[in-house]
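Trainee: What follows is a structure written as structure tokens; I'll ask about it next.
The values are calculated or read from the model by the stated rules, or taken from the named source; none is laboratory data. Note that the structure is predicted; figures quoted are calculated from it, not measured. With ideal geometry, Cβ positions are generated from the backbone for all residues, glycine too; neighbour counts draw on all protein chains shown. When the accessible area is computed, the model is the full protein with side chains, heavy atoms only, and any ligands, DNA or RNA have been set aside. Shrake-Rupley method; radii C 1.70, N 1.55, O 1.52, S 1.80 Å.
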Amino acid sequence: LIEGERRLTYREMNQQANRLAHHLIGLGAGPETLIAIYARRSIELVLSLLAVLKTGSAYMPLDPDYPAARLNAMLAQSSPAIILSEGGVPETLRSGRPVIEVSESAFLGYPEANPEVSISGESLAYVLFTSGSTGHPKGVAVPHRALANRVAWGRTKFELSSNDVVLQRTSPSFDVSLWEILGALASGASLVLARDATDPARLVDLIIRHSVTFLEAVPSLLRALLLMPRWRECRSLRLVCCGGEAMSEALRRQFYASASCCLYNMYGPTEAAIDAAHFDCRSQPGGGENDAYVPVGRPVGNVRLYVLDRH
């Protein structure tokens, strides 16, 4: 686990997450308990996420970059039992809830062994709020079986291993961040946290410096990355997955004009647990280069797609 100059081995990460998990269990955390995490991309975010899942509780991210009104609306709808934070939580968001500050040195007196917690595939894993682009944001509750299915399918499909280096750049408010984190950690890969994920030049620098092999990006960001002078130096990349927006055929062609790695177009609403469909962009889409957009492709494992008419 890498954030700037900070490094954690798998053993250190697991021990620290376990200490926090035992502390949370002592506060009553367990299956069907909802715990909010107020943190940006950081080691503390990953430790908090792992600790919450280790207690059997469900995770709900609160992005510090979101407007206070939106965060308060999310809290009012979801009523989490506890808020974990990195660097403090504004008083306006507390509403009497216990707030726990997370750091590498916290909870040193707690056990470092994995907690023994029993959950089922139907147990709640996380709650994410939709963007609200078609109305008011709503909380989507996703069970463990859906999350586990997507992570297991992705590991196999993309052949992630301990040789990979995954860049975690998606906001914790979007479910792709869970795939970046858990896909990497379930595969023994290294996980590089992009503290500033909005600057294409900095992202390219991170890819080169850490020899990143796997990148998730929305098409608009990928387009910006392709324009960076050092993009062609990102030769360590073997896989780029795009989602969140429609991918144009022009972007697909632009990508393969400057890169030789695999590009996948991914599609899935929040309700479908990260991704429901995937398309290998090395395949010639639809009717050829005159098509405006790349297809969303075929379903991921254990998912069915239905094409419906107006009825």
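Trainee: Determine the gain in length on full extension of the stretch ALA81-HIS136; use 0.36 nm per residue of separation and subtract their C-alpha separation, reporting nm with one decimal.
Mentor: Details: separation 55, 0.36 × 55 = 19.80 nm, distance 2.32 nm.
Residue separation times 0.36 nm, minus the Cα-Cα distance, leaves 17.5 nm.
Trainee: Under Stokes-Einstein, with the Kirkwood radius over Cα pairs standing in for Rh, what whole-number D in µm²/s applies to region 76-227 at 20 °C and 1.002 mPa s?
Mentor: 118
Trainee: Something else: Can you list residues whose amide H is under 5 Å from ALA276's amide H, if they're 5+ apart or on another chain and H is modeled 1.01 Å from N?
Mentor: HN-HN under 5 Å from ALA276: TYR267, GLY268.
Trainee: State the dimensionless ratio Rg/Rh of region 183-311 (Rg: radius of gyration of Cα atoms; Rh: Kirkwood radius).
Mentor: Using Cα coordinates only, the ratio equals 0.98.
Trainee: Which Cα, out of PRO137, PRO64, ASN18, lies furthest along the positive dipole direction of region 9-137 (beta carbon charges, K/R +1, D/E -1)?
Mentor: PRO137
Trainee: Among ASN114, ASN163, ASN149, which one shows the biggest mean-square fluctuation in a GNM of the chain, springs joining Cα atoms closer than 10 Å?
Mentor: Judging by the Gaussian network model, the answer is ASN163.
Trainee: So, by mean Cβ neighbours within 10 angstrom, what's the order for 62-71, 177-186, 4-13 with the highest one leading?
Mentor: Highest to lowest by the protection proxy: 177-186, 62-71, 4-13.
Trainee: Going by amide H atoms built from the backbone, whose H comes under 5 Å of the H on SER57, apart from near neighbours?
Mentor: GLY30
Trainee: What list of ³J(HN,Hα) couplings, whole Hz, do you get for region 192-203 from phi and the Karplus terms 6.51, -1.76, 1.60, once you set θ to phi - 60° and write x for glycine and proline?
Mentor: 9, 8, 8, 4, 9, 9, 9, 9, x, 5, 5, 5
Trainee: Considering only SER236, ALA217, SER171, whose Cα is most displaced toward the positive end of the charge dipole of region 132-237, charges sitting on Cβ of Lys, Arg (+1) and Asp, Glu (-1)?
Mentor: Positive-end residue among those listed: ALA217.
Trainee: Can you pull the accessible area of TYR267 for me, 1.4 Å probe, Å² to the nearest 10?
Mentor: Rounded to the nearest 10, that gives 110 Å².
Trainee: Related question: Under a GNM of the chain (C-alpha, springs under 10 Å), which listed residue has the highest mean-square fluctuation: PHE158, PHE214, PHE279?
Mentor: Checking each option, the largest mean-square fluctuation is seen for PHE158.
Trainee: Whole angstrom only: what separates the Cα centroid of region 2-76 from the Cα centroid of region 213-265?
Mentor: Region 2-76 and region 213-265 have Cα centres spaced 30 Å from each other.
Trainee: What does the helix-only formula give at 222 nm for the chain: each DSSP H stretch with n ≥ 4 adding -39500 (n - 2.57), the total divided by the residues, and the result rounded to the nearest 500 deg cm²/dmol?
Mentor: -9500 deg cm²/dmol
Trainee: With every protein chain kept in place and ligands, DNA and RNA left out, what is the accessible area per residue of region 223-311? Probe 1.4 Å, answer in Å².
Mentor: Result: 59 Å² per residue.
Trainee: When the dipole is taken about the Cα centre of the chain, and only Lys, Arg (+1) and Asp, Glu (-1) are charged at their Cβ, what size is it in debye, to the nearest 20? Walk me through the numbers before you get to the answer.
Mentor: Numbers: 30 positive and 31 negative charges, 88 e Å.
Once rounded to the nearest 20, the dipole reads 420 debye.
Trainee: Determine the order of GLU159, GLU116 by accessible area, beginning with the largest, at a probe radius of 1.4 Å.
Mentor: On the way: GLU159 135, GLU116 190 Å².
From most accessible down to least: GLU116, GLU159.
Trainee: Largest first, what is the accessible-area ranking of HIS144, HIS136 with a 1.4 Å probe?
Mentor: Reading off the accessible areas and sorting them downward yields HIS136, HIS144.
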